[in-house]
Amino acid sequence: MAQKNQVFDNVLDLVGNTPLIKLNTITAPFKGEFYAKVEAFNPGHSSKDRVALYIIEQAEKKGILKPGDTIIETTSGNTGFSIAMVSIIKGYDCILAVSSKSSPDKIDMLKTMGAKVYVCPAHVSADDPRSYYEVAKRLHEETKGSVYINQYFNQLNIDAHYNSTGPEIWEQTEGEITHLVACSGTGGTISGTAKYLKEQNPNVKVIGVDAFGSVIKKYHETREFDEKEIYPYRIEGLGKNLIPTATDFDVIDSFVKVTDEESAHTAREIAKTEGLFVGYTSGAAMQAVKQLEEAGEFDKNSKVVILFPDHGSRYMSKIYSDKWMTDQGFFDSQNKVAAESIQYIK
Ligand code: PMP
């Protein structure tokens, strides 16, 4: 943990050891105590810093990566930013294959962090040679001395959290945690953290958060991949249209599904009640906690840790834009409140 007046060798020394912050207002009517593991305190502002640093350092240990080599991944999101940041400090080239659906802001951000970005057409199938999966695979095959992070299908994604997020939460709660609530995208965060916590105390209950439109919850319950579950949704980083091997379904007790609309409003509520400016999936995780409370999941002895994966600044043109919220039809009755909170002096 950072000490007072400590000076760091470089930004990577700040990865991990994020704070656990008690929620005092938004959960006040609920039974039990609620704490947020706020991953925005990582230097790249998300939990993906842990994964990027861990996977790259494992490759170095195995002698796969040497200075000047190349790291490749398919993402425009948090993982891309984290890999670019680690690559700068460690002297690697970073190639990111992203979908043409990615916002220009995100592409500019990755470019600023030194990544070489390939923008691939969004509306082609995954096995089309132009898809971002295929482009990344091809670049990996063609580039000598390259590592493909492949976060959805990489066991090291789970190990990164088993070795850091899990032990941190166990120590921060002095072993008193009763519930972990975390979103599942690749599944690395929830699986690695849950595995560690359940090894310490098998009674810790682990609840995953999934999106409507994703196959993950149904797969957990039936072990059936049901294509009929799939439809478009707006939350990024949560749920999936495939089954990632970076999810260990056996260490997760149950899943809760949340809507785009309620998650967006709950993210805004976290900012207003707790002063924590966090991302869309943090709203989703908190929304799941509200639903669990209503369903009677907690009692006065519950000590619940909710994982908040990233920072709100990445969502300025989405959930924190009144226009975007209005365009999605998310305001309706609340539109008036949003408009009144800004006063224009003429
Ligand atoms: N929230 C956000 C914003 C993310 O980018 C991700 C990663 N896809 C997650 C949650 C889920 O984390 P994980 O991939 O470890 O399941």
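Values in this text are rule-based calculations from the coordinates and carry no lab data. These figures come from a predicted structure and were not determined experimentally. Using ideal geometry, Cβ is built from the backbone for each residue, glycine included, and neighbour counts are taken over all protein chains shown.
Key figures for this structure:
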quantity: Mean Cβ count within 10 Å, highest first, over the residues of peptides 209-222, 19-32; calculated: 209-222, 19-32
quantity: Distant alpha-carbon pairs in the stretch 121-245 (separation over 19 angstrom), percent; calculated: 59 percent
quantity: Gap separating the Cα centres of the stretch 134-161 and the stretch 214-258, nearest whole Å; calculated: 22 Å
quantity: Simple label model, 7 Å out from Cα along Cβ direction - GLU227 to ILE89, nm; calculated: 4.4 nm
quantity: Per-selection metrics, the stretch 1-80 (Cα): Rg and Dmax in Å; calculated: 17.0, 54
quantity: Amide H within-cut-off set for PHE34, under 5 Å, with H built and near neighbours excluded; calculated: LEU23, VAL304
quantity: Fully extended contour minus Cα-Cα distance, from ASN10 to ASP253, at 0.36 nm per residue; calculated: 83.6 nm
quantity: Long-range amide H partners of VAL147 with built H, under 5 Å; calculated: THR70, ILE71, ILE72
quantity: Value of Rg/Rh across the stretch 176-305 [Cα atoms, Kirkwood radius]; calculated: 0.96
quantity: Rg to Rh quotient for the chain, alpha carbon positions, Kirkwood Rh; calculated: 0.96
quantity: Straight-distance crosslink candidates among lysines, where the alpha carbon sits under 28 Å from LYS300 and sequence neighbours closer than 8 are dropped; calculated: LYS22, LYS31, LYS37, LYS195, LYS198, LYS205, LYS217, LYS257, LYS272, LYS290
quantity: D (Stokes-Einstein, µm²/s), Kirkwood Cα radius, the stretch 234-346, 1.306 mPa s at 10 °C; calculated: 101 µm²/s
quantity: Note, ³J(HN,Hα) from phi for the stretch 34-49, Karplus 6.51, -1.76, 1.60, rounded to Hz, x at Gly and Pro; calculated: 10, 10, 9, 8, 9, 6, 5, 6, 5, x, x, 6, 7, 4, 5, 4
quantity: Once the Cα gyration tensor of the stretch 202-272 is diagonalised, semi-axes √(5λ) in Å; calculated: 22, 17, 9
quantity: Calculated FRET efficiency for the pair SER125/GLN291, C-beta based, R₀ 51 Å, to 0.05; calculated: 0.90
quantity: Under Karplus coefficients 6.51, -1.76 and 1.60, residue-wise ³J(HN,Hα) of the stretch 165-170 in Hz, glycine/proline x; calculated: 4, x, x, 4, 5, 4
quantity: Spin-label zone in the stretch 113-155 - amide nitrogen under 11 Å from a point set 7 Å from the Cα of ILE64 along the C-beta vector; calculated: 146-151, 154-155
quantity: Amide H partners (placed H, <5 Å) of TYR118, local residues excluded; calculated: LEU96, ALA97, VAL98
quantity: Chain lengthening between GLN3 and SER99 when straightened (0.36 nm per residue, less Cα-Cα); calculated: 30.5 nm
quantity: GLN200 versus GLU142: modelled label distance in nm, points set 7 Å from Cα along the beta carbon direction; calculated: 4.7 nm
quantity: Cα centroid separation - the stretch 80-122 against the stretch 1-66, whole Å; calculated: 21 Å
quantity: Under Karplus coefficients 6.51, -1.76 and 1.60, residue-wise ³J(HN,Hα) of the stretch 310-321 in Hz, glycine/proline x; calculated: 8, 9, x, 4, 6, 10, 5, 8, 10, 5, 9, 9
